[in-house]
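Everything on this sheet refers to the single structure shown next.
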Amino acid sequence: MFRGTFFAQRPNSKPQEDGAPVAIPVTQERSGTVPEPQEPAPRPGRGARALNKVRAGLPRTGLAALAGLLLALAFPPYDLWPLSLLGVAALSLLTRGRTVRQGLWTGFAFGLPFFLMLLSWLRVVGWDATIGLSVVEALFLALLGGALAVTSRLPAWPLWAACLWITQEWARDRLPLGGFPWGRLAFANTATPYTPLAALGGAPLVTFAVALSGALLAWAVPRLRGPRKAPGAAALAALGAVGPLVAGYLVPVPTAAADTVKVAIVQGNVPNPGMDFLGRPMMVLNNHASATERLAADIAAGKVERPDVVIWPENSSDLDPFSDPLARQRIDEAVRAIGVPTLVGTLVDGPDAQHVQNEGIVWDPQTGPGASYTKQHPVPFGEYVPFRAQLMKVITRLQRVARDFYPGDHNGVMQLGPARIGDVICFEVAYDEIVRDTVDSGARVLVVQTNNATYAKTGQPEQQLAMSRLRAVEHGRAVLIAATSGISAVISPDGTVQQRTEELTPAELSATVPLRDGTTVADRVGAAPEWTLAIGGLLACAAAVLVGRRRKGASGTPAGRDSLDQVVP
């Protein structure tokens, strides 16, 4: 249909200053009728606008949650480690070019399901504990998401993204209340091509390599699709992603040693897994003492070779042998039967009535208890209650922690028979500086005394075993894990699991392991790679903010309008 446009004067219009009538464009149909002008649609209210934003962000939020679950599957007990690359790539793509607020939310939506699945073993304590800890840890990934958004328009942004993963892990390993390192990318790659990099820069370098590979994959995706396809650049990025992986094959992992030691690891098991694993007093101690006496009988019968040392796990004595005569007598009987120095894990009274100490004690068959190591890093809410007076009033479950654990003031380097060991207890294996300090102080073999009975059959023992494997490569030391109910293991300096037990099964492991004095590059450089990479991530954020402000200033944005949300529009 033909449409014509002409200018007409509205009958009641006022003339302009120059006397000319106001010209109004009017569309006339062929029939000559003039439609009434349309009223502008009313602007949605604030609530409606917020709801529209939420709806628009739902697909991105859902993808972020899915990516977080995929990352959780990269960790034990699932061990689908390539998913760690995809998880990093997905978070990089979902935060690319977003505002800081969008990045913060995307990071949280990624982190919460990741930690809920990774830390599901805490359900034994209670789902409220699982959710609470997961929320706290997810806040760090929210900050990571915001930082990735800020730096996503910088040149070489995949490099800064990898540095920011280190920044996030550095903070999470220390805050709050001493930190909680579970969920580091390195702990999903303890038996992968990336693992040997630990011998150069420890767990932080492994995380950096994994994060860099994932970010480079994300960089390649837009170059394979969209109006600006660049398959050559995408191929180059993919090649760069493979580079850190291949580099791991080039790192030598020394295992040779001039001396060895014969060890026996005793896993006595517990009466009941879960929160009440101890059962009646003396039950756990009797389990380990009886298992040691059976081993001594096999040695006397010529069935097995006599070890140089025996290792019992954390809490293998459920009573303080210094204050309970029966407990001391039972330990003495078992150690004298086996006839070699034994490392005994037990709880002893602390410096006052309100505290207890988690210790590993060298017990000699002739002279009894000797050198000891006290756990330096008690677990908040599990081994001590922060803000006890206030929290006990509202969380009655905390009454189960009757006394707070008193932290030790020195590392676990002790002489156990012919072996100079470095003892770390349970969760301490997750903390870089605690394990590194034992090696720097002369430990020739690492011992991890642990009690995972509370979390039996939940996946937590597998996660802790993976951490121990990484420590073996990082420090070039054999690692001996002694667990009350499993998983006990013998790990060679290259991270290979030579022997392991099943969970909730009494067992004894016998092995000859190397005693090493040499140090790795990671031992010599210490925490320098972590600090360097973490600071690099922070500097990248600062540079991105400055660049964003300059761009806003050049485009005429009024002063005071260049908030962080405008840095990445």
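Taking the average, over residues, of other Cβ atoms within 10 Å as the packing measure, peptides 440-446, 89-95, 472-478, 241-247 rank 472-478, 89-95, 440-446, 241-247 from highest down.
Other residues within the sphere of radius under 14 Å centred on the Cβ of ALA72, judged by their own Cβ, net out at -2 (K and R +1, D and E -1). Please say if the stretch 132-220 is rounded, prolate or oblate, where rounded means a/c under 1.5 for a ≥ b ≥ c the square roots of the C-alpha gyration tensor eigenvalues, and otherwise the choice is prolate for a/b larger than b/c and oblate otherwise? Oblate.
Between GLN354 and ALA528, the C-beta separation translates, for a Förster distance of 25 Å, into a calculated FRET efficiency of about 0.05. Oblate is the label for the stretch 42-169. Its Cα gyration tensor axes, ordered a ≥ b ≥ c, give a/c of at least 1.5 and b/c at or above a/b.
Listed peptides 317-323, 300-306, 253-259 appear in the order 317-323, 253-259, 300-306 once ranked by packing, highest mean of other Cβ atoms within 10 Å at the front. Please compute the modelled spin-label separation between ALA171 and THR367, points set 7 Å along Cα→Cβ, answer in nm with one decimal. Inter-label distance under the simple model: 5.0 nm. The aspartates and glutamates whose alpha-carbon is closer than 16 Å to the alpha-carbon of LYS53, local same-chain residues fewer than 8 away aside, are ASP565.
Read-outs: derived from the displayed coordinates by stated rules, not from any lab. These figures come from a predicted structure and were not determined experimentally. Quick reminder, even Gly has a Cβ in these numbers, built from the backbone with ideal geometry, and neighbours come from all protein chains shown.
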